[in-house]
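Trainee: Below is the structure I would like to discuss, written out as structure tokens.
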Amino acid sequence: MHKLPTLTDDFLKEEIYCADICGVNVFFLPKPKFRRRYAELCVNYGSNDNVFVPRGRAEPVEVPAGVAHFLEHKMFEKPWGDAFSAFSSIGASANAYTSNNYTSYHFVTLDNYDKGLALLMEVVFSPYFTEESVEREKRIIAQEIGMYEDQPNWRLLRETLARLYPEHPVGLDISGTYESIQQIHKDTLYLCHENFYSPANCVLFMAGDFDPDQALNLAAEIIGSYVKDPGNSPCRIRPHGTGRVGEGAEIMMSVPTPLLQIGWKDRRLFDGRKIVIRELACAFLLDIMFGKTSEFFEEVYDQGLTDDLIFSYEAWPDYGFTIVSAETEKPEILKEMIFEQVERIRTRGLDEQDFERKKNAALGRFITMFRSFEVISQSQIRLLGLGENIFSYRSILEDLDISDVYASFDSLDPDMSVSVIIANEGVSMDET
Amino acid sequence: MPEEGIRVEEGFPGQQTVLCMAFHTGVTQSDAEFPTFLFLDGLLGGFPHSKLFSVVREEYGLAYFADTVIDTWRGFTIAITGISDGEKDRVEDLVVEQFDAIRKGRISDEEMENTRAGLRRRLMAEADYQGSIVNRRLNHEILGGAQTGEEVAERILEVTRQDVVDLANETELKCVYVLRAEGAN
């Protein structure tokens with residue numbers, strides 16, 4: 001184990017202990033008096049990693065959509081049985097999820113933390129796949145795909161991303177499609193596991209009522225028994241997600257009220273700390289323009305156009321996008337108003353007081369994050385990938401200037417936007 | 001299902017049929033058998049080791065989600081699962097089979113102890129969340145029963161297989177509701 005400097009925040013009176021254990025980045029957050037004990041092992045591998053050059057080969061391979069998610073499902077099956085049951089028998093609750101850039105495995109327990117940690121290592125680092133279990137999982141995942149297909153909000157986001165990113169894997173469904181999952185075999189899973197599930201590509205975050213040395217020594221002992229070699233970094237092949245966008249769409253689904261979603265692709269790419277600044281600045285901009293305290297929201301609410309506007313921006317080194325959505329009886333009208341609002345504020349400028357209020361609110365939300373192990377863990381892991389940490393995030397937030405928000409207007413270029421509307425059959429789209 | 005039971009089928013344009021089966025225990029959180037009710041719900045569909053998850057999903061591969069929702073005010077444990085429409089009769093039989101297995105005491109020691117540990121964890125962990133503490137106290141003020149998660153957790157330690165079997169034999173399947181997917185792939 002190689003101990004790293006402890007991260008501290010005097011304002012919050014929190015600290016995070018850090019170490020490198022066999023190539024795995026390890027964090028421990030002491031939480032005295034809490035009963036729950038938590039561990040999350042995150043692999044820097046997600047649905048966006050569908051093209052890569054395998055170790056020992058010269059040419060890139062492309063795997064079917066849905067492999068990262070399929071792999072996540074199968075990691076719980078071991079030669080001796082089902083790992084979920086093994087967690088249950090020690091009183092722990094385990095779960096996992098796959099996102100565009102990460103796969104996360106985590107558990108919560110009151111006791112038997114050492115056994116849970118060992119089981120977590122076995123789940124992640126000891127692959128075991130058979131053709132029979134792969135075939136059975138295809139049926140289960142087909143049901144999962146069906147479940148999401150029936151959820152209009154899920155469909156909306158998937159359609160928007162597919163149209164914004166015809167050239168980048170973020171436009172693919174994380175779970176894959178009914179057809180793509182049929183192409184997945186045990187060899188595909190072994191190949192991806194070998195290339196992406198190396199210790200050097202993983203982060204472990206632990207939290208609970210432990211002594212820090214006790215926690216790190218435990219991690220060192222357990223990781224050491226499962227991992228000998230840090231392994232190599234994967235050779236990912238990712239396009240830049242800044243090309244032209246596709247066409248918008250109107251989709252028929254059984255919904256009580258039409259759904260509108262507008263996506264804007266960011267022309268610019270950022271890295272490291274600049275991603276954090278960009279995300280914060282865009283979040284502020286969207287909140288000023290469309291948030292509950294904005295004139296715009298008051299107007300659309302009074303006109304009965306919608307009772308909620310949802311908006312977000314996210315950025316990664318290879319792509320960034322904004323989403324604004326609403327349920328509305330008049331999707332075409334609201335859509336035009338949203339575009340007009342962007343131009344109105346772009347011309348008129350921002351109110352300094354609005355900016356200060358948003359900053360105070362964001363700092364308040366940051367503080368409340370610290371009651372959730374899961375939120376701290378996921379934020380810290382993501383920030384690590386950007387060369388930052390959860391406490392430097394607070395400084396970046398405090399140092400954010402209104403000029404940063406002005407600079408984020410270029411994330412909303414109408415030529416880089418796509419609109420998707422979901423409505424029942426028979427609802428007219430052309431109301432004016 | 002008993003004759004007094006209700007059966008409803010509706011359709012919607014979608015991919016996945018959803019089957020809901022409501023079992024009425026008649027026990028609410030103010031009753032002495034409340035911990036046994038939690039146990040019954042946990043065994044049936046409250047955990048990945050539960051009968052519904054391990055049989056409908058893991059063994060047969062028929063569903064992605066197959067679990068229970070508990071209503072502690074009205075005394076229901078409701079099995080809910082998403083499946084392909086062609087399997088709905090088979091899955092309904094499977095769910096009834098799992099409940100009958102509990103009625104007949106076909107519950108292993110492992111199932112009992114895993115459920116006990118899982119319920120204890122959830123109940124003890126309530127103290128980590130202000131919202132859960134408030135919720136438990138509010139429920140107590142309105143309905144009676146335990147004031148804290150710890151109180152219930154202590155009583156969970158004492159629930160026996162026979163307690164669960166007895167409650168299962170007093171429980172009735174009151175309603176089956178199927179939302180059928182029309183136009184699935």
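Trainee: Using beta carbons and a limit of 7 Å, which pairs, at least six apart or on different chains, have the first residue in the stretch A:362-391 and farther than 27 Å from B:GLY131 by Cα and the second one β-branched (Val, Ile, Thr) and assigned to a helix (DSSP H, G or I)?
Mentor: Partner pairs satisfying both residue conditions: A:LEU383/A:ILE390; A:LEU386/A:ILE275; A:LEU386/A:VAL276; A:GLU388/A:VAL276.
Trainee: Considering only residues that are out of contact with any Phe, Trp or Tyr (no Cβ under 9 Å at 6 or more places or on another chain), closer than 24 Å to A:SER47 by Cβ and within 11 Å of chain B (Cβ to nearest Cβ), look in the stretch A:94-149 and name the one that is least open to solvent (accessible area, probe 1.4 Å).
Mentor: A:SER133
Trainee: Which members of the stretch B:6-44 meet the condition of being within 14 Å of chain A (Cβ to nearest Cβ), out of contact with any Leu (no Cβ under 9 Å at 6 or more places or on another chain) and open to solvent by 10 Å² or more (accessible area, probe 1.4 Å)?
Mentor: If the condition is that a residue be within 14 Å of chain A (Cβ to nearest Cβ), out of contact with any Leu (no Cβ under 9 Å at 6 or more places or on another chain) and open to solvent by 10 Å² or more (accessible area, probe 1.4 Å), then B:PRO13, B:GLN15 are the ones that fit.
Trainee: Please find, within the stretch A:30-53, the residue that is surrounded by the most Cβ atoms within 10 Å (Cβ to Cβ) out of those that are hydrophobic (A, V, I, L, M, F, W, C) and more than 14 Å from chain B (Cβ to nearest Cβ). Working first, answer last.
Mentor: At the first step, the residues of the stretch A:30-53 found to be hydrophobic (A, V, I, L, M, F, W, C) are A:34, A:39, A:41-43, A:51-53.
Retained after the next criterion (residues that are more than 14 Å from chain B (Cβ to nearest Cβ)): A:39, A:41-43, A:51-53.
Details: A:ALA39: 28, A:LEU41: 26, A:CYS42: 26, A:VAL43: 24, A:VAL51: 15, A:PHE52: 21, A:VAL53: 15.
Applying the filter and picking the extreme gives A:ALA39.
Trainee: Check whether at least one residue in the stretch A:188-204 is closer than 18 Å to A:LEU117 by Cβ, open to solvent by less than 40 Å² (accessible area, probe 1.4 Å), modelled with pLDDT of 95 or more and within 14 Å of chain B (Cβ to nearest Cβ), and report yes or no. Working first, answer last.
Mentor: So the first thing to find is which residues in the stretch A:188-204 are closer than 18 Å to A:LEU117 by Cβ, and the list is A:197, A:199, A:202-204.
Okay, now just the ones that are also open to solvent by less than 40 Å² (accessible area, probe 1.4 Å), so A:197, A:199, A:202-204.
The next check asks that each one be modelled with pLDDT of 95 or more; those that pass are A:197, A:199, A:202-204.
Going one step further and asking which of them are within 14 Å of chain B (Cβ to nearest Cβ), we end up with none.
Scanning the stretch A:188-204 turns up no residue that is closer than 18 Å to A:LEU117 by Cβ, open to solvent by less than 40 Å² (accessible area, probe 1.4 Å), modelled with pLDDT of 95 or more and within 14 Å of chain B (Cβ to nearest Cβ).
Trainee: When you scan the stretch B:157-165, do you find a residue that is of a type in the set (A, V, I, L, M, F, W, C), part of a loop (DSSP other than H, G, I, E, B) and farther than 20 Å from B:ALA79 by Cβ, even just one? If you could, list the steps in order and put the result at the bottom.
Mentor: Step one: list which residues in the stretch B:157-165 are of a type in the set (A, V, I, L, M, F, W, C), which gives B:157, B:159, B:164-165.
Subsequent filtering for residues that are part of a loop (DSSP other than H, G, I, E, B) retains B:157, B:159.
Pick out the ones that are also farther than 20 Å from B:ALA79 by Cβ and you get B:157, B:159.
Within the stretch B:157-165, one or more residues are of a type in the set (A, V, I, L, M, F, W, C), part of a loop (DSSP other than H, G, I, E, B) and farther than 20 Å from B:ALA79 by Cβ.
Trainee: Name the single residue that is nearest to the other protein chains (Cβ to nearest Cβ) among those in the stretch B:61-70 being within 9 Å of the chain's Cα centre (by Cα) and of a type outside the set (S, T, N, Q). Steps first, please.
Mentor: Applying the first criterion (within 9 Å of the chain's Cα centre (by Cα)) to the stretch B:61-70 yields B:67-70.
In the following step, the residues that additionally are of a type outside the set (S, T, N, Q) were identified as B:67, B:69-70.
Details: B:ASP67: 13, B:VAL69: 16, B:ILE70: 16 Å.
In this case the residue turns out to be B:ASP67.
Trainee: Now for a separate question. What's the number of the condition B:GLN162 fails, among (1) open to solvent by 60 Å² or more (accessible area, probe 1.4 Å); (2) in contact with a Pro (Cβ under 9 Å, 6 or more places away or on another chain)?
Mentor: (2)
Trainee: Only residues that are in contact with a Phe, Trp or Tyr (Cβ under 9 Å, 6 or more places away or on another chain) and either acidic (Asp, Glu) or more than 13 Å from chain B (Cβ to nearest Cβ) (or both): list them for the stretch A:150-165, please. Give the derivation first.
Mentor: Kept after step one, since they are in contact with a Phe, Trp or Tyr (Cβ under 9 Å, 6 or more places away or on another chain), are these residues of the stretch A:150-165: A:150, A:154-155, A:158, A:160-161, A:164-165.
Correct list: A:ASP150, A:ARG158, A:THR160, A:LEU161, A:LEU164, A:TYR165.
Trainee: I'm trying to understand the selection: among the residues of the stretch B:74-97, which are among the acidic types (Asp, Glu) and either open to solvent by 50 Å² or more (accessible area, probe 1.4 Å) or in contact with a Leu (Cβ under 8 Å, 6 or more places away or on another chain) (or both)? Walk me through it before giving the result.
Mentor: Initially, the stretch B:74-97 is screened for residues among the acidic types (Asp, Glu), giving B:85, B:87, B:89, B:92-93, B:97.
Once the filter is applied, which keeps residues that are among the acidic types (Asp, Glu) and either open to solvent by 50 Å² or more (accessible area, probe 1.4 Å) or in contact with a Leu (Cβ under 8 Å, 6 or more places away or on another chain) (or both), the stretch B:74-97 yields B:GLU87, B:ASP89, B:GLU92, B:ASP93, B:GLU97.
Trainee: Next up: Determine if the stretch B:38-60 includes at least one residue that is without any contact (Cβ under 8 Å) to a residue 60 or more places away in the chain and not in a helix (DSSP H, G or I).
Mentor: yes
The values are calculated or read from the model by the stated rules, or taken from the named source; none is laboratory data. No experiment lies behind these values; they were computed from the predicted model shown. Because the Cβ atoms are built from the backbone with ideal geometry, glycine has one as well, and the counts that use them run over all protein chains shown. Remember, those area values only see protein heavy atoms, side chains included, never the ligands or the DNA or RNA. Shrake-Rupley method; radii C 1.70, N 1.55, O 1.52, S 1.80 Å.
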